[in-house]
Amino acid sequence: MAKHLVAVVDYGMGNLRSVSQAVMHAAGGLPVDVRVTQNPADVEAADRVVLPGQGGMPDCMQALRASGMLPAVLAAAASKPLFGVCVGMQMLLEYSEEGDTSALGLLPGRVCRFDLEGLTQPDGSRYKVPQMGWNQVTPSRHSGQAHPIFHGVPSAAHFYFVHSYHAVPSRSQDCAATTEYGGTVCAALARDNLFATQFHPEKSAEQGLRLYRNFLTWKP
């Protein structure tokens, strides 16, 4: 049986080893070839694409352009299942306050810095920026059901976050899940063949692997 190619885009800014190892582990017996790649031809040939991101939005966008991978990523995003992770999720939107940066513009919306000054958590402590650690995620139920990539994931399951900026999509239906951190925050984006999470599935134990497994069999 021919293997389906899953391209993990290497433009110098992602947690590549952890992401690729998690996707391979999640694949189990599925016929997939998970390939970390700096070659646009691999992204063009791939059946599915993972777009990681780590660090600041200005550096990530600059690195993606400089790598020569941008046209292949945009072409993949037009038709193939694509999974964005952390800054890879934020890049799908139009603009980030971080460094006054234009993003990919694949989904309408912007990325804003947490404004938590003066707010306290239920235990009386102050909210910290970045949000760093485990937090509960609640899948959105547009049309009465969660996104297929959340299939089998309990509502309010815990996932691992590290971020100072958060996505604010223009359309509520593009928010596939939320978390609470000084208010309700969009934790996942989805539309058509695009799916992305602010949290790190590769650092989120069993439930994170379940998301990657669901992505590998997802038919948008």
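When the Cα positions of 62, 18, 103 are compared along the charge dipole of the chain, 18 comes out farthest toward the positive end, with charges on each C-beta of Lys, Arg, Asp and Glu. Applying 1/(1 + (r/R0)^6) with r as the Cβ-Cβ distance of residue 205 and residue 127 and R0 = 35 angstrom yields a FRET efficiency of 0.90. Result for the chain in a Gaussian network model with C-alpha springs under 10 Å: among 93, 104, 189, the largest mean-square fluctuation is at 104. Taking amide H atoms as placed 1.01 Å from N in the peptide plane, the amide H of residue 36 lies under 5 Å from those of 8, each 5 or more residues away in sequence or on another chain. Stretched out straight at 0.36 nm per residue, the stretch from residue 75 to residue 62 would grow longer than its current Cα-Cα span by 2.9 nm. Highest mobility in the GNM of the chain, judged by mean-square fluctuation with C-alpha springs under 10 Å and restricted to 17, 126, 35, is found for 126. Hey, how much of the P(r) for segment 75-220 falls beyond 26 Å, as a percent of Cα pairs? Value for segment 75-220 (Cα pairs over 26 Å): 20 percent.
When 1/r is averaged over all different Cα pairs and the result inverted, which Kirkwood radius in Å belongs to segment 1-138?
Working: mean 1/r = 0.0611 Å⁻¹.
Final number for the Kirkwood radius of segment 1-138 is 16.4 Å.
If Lys and Arg each add +1 and Asp and Glu each add -1, what is the summed charge of the other residues whose beta carbon sits under 10 Å from the beta carbon of residue 151?
Working: positive: 210, 213; negative: none.
Neighbourhood net charge equals +2.
Residues whose amide H lies under 5 Å from that of residue 178, counting only those 5 or more places away or on a different chain, are 138, 140, 187; hydrogens are built 1.01 Å from N in the peptide plane.
Mind putting a number on the dipole of segment 97-220 about its Cα centre? Charges go on the C-beta only, +1 for Lys and Arg and -1 for Asp and Glu, and I need it in Debye to the nearest 20. Walk me through the intermediate numbers first.
Details: 11 positive and 11 negative charges, 81 e Å.
Approximately 400 debye in magnitude.
Note on the chain: with a GNM built from Cα contacts shorter than 10 Å, the maximum mean-square fluctuation among 118, 133, 12 falls on 118.
Phi angles of segment 112-119 translate, via the Karplus equation with coefficients 6.51, -1.76, 1.60 and θ = phi - 60°, into HN-Hα couplings of 10, 6, 4, 10, 10, 4, x, 8 Hz per residue; Gly and Pro are given as x.
Roll a 1.4 angstrom probe over the protein heavy atoms and tell me the percent of accessible area of segment 1-68 that is carbon or sulfur.
Details: 1470 of 3140 Å².
The value for segment 1-68 is 47 percent carbon and sulfur by accessible area.
How big is the charge dipole of the chain about its Cα centre, in debye rounded to the nearest 20, if each Lys and Arg gets +1 on its Cβ and each Asp and Glu gets -1 on its Cβ? Please list the in-between numbers first.
Values: 17 positive and 18 negative charges, 103 e Å.
Once rounded to the nearest 20, the dipole reads 500 debye.
The values are calculated or read from the model by the stated rules, or taken from the named source; none is laboratory data. Bear in mind that the values here come from a model prediction, so they are computed numbers and not experimental data. Positions of Cβ are backbone-derived with ideal geometry, glycine not excepted, and every protein chain shown enters the neighbour counts. For accessibility, only protein heavy atoms count, side chains too; no ligands or nucleic acids. Shrake-Rupley method; radii C 1.70, N 1.55, O 1.52, S 1.80 Å.
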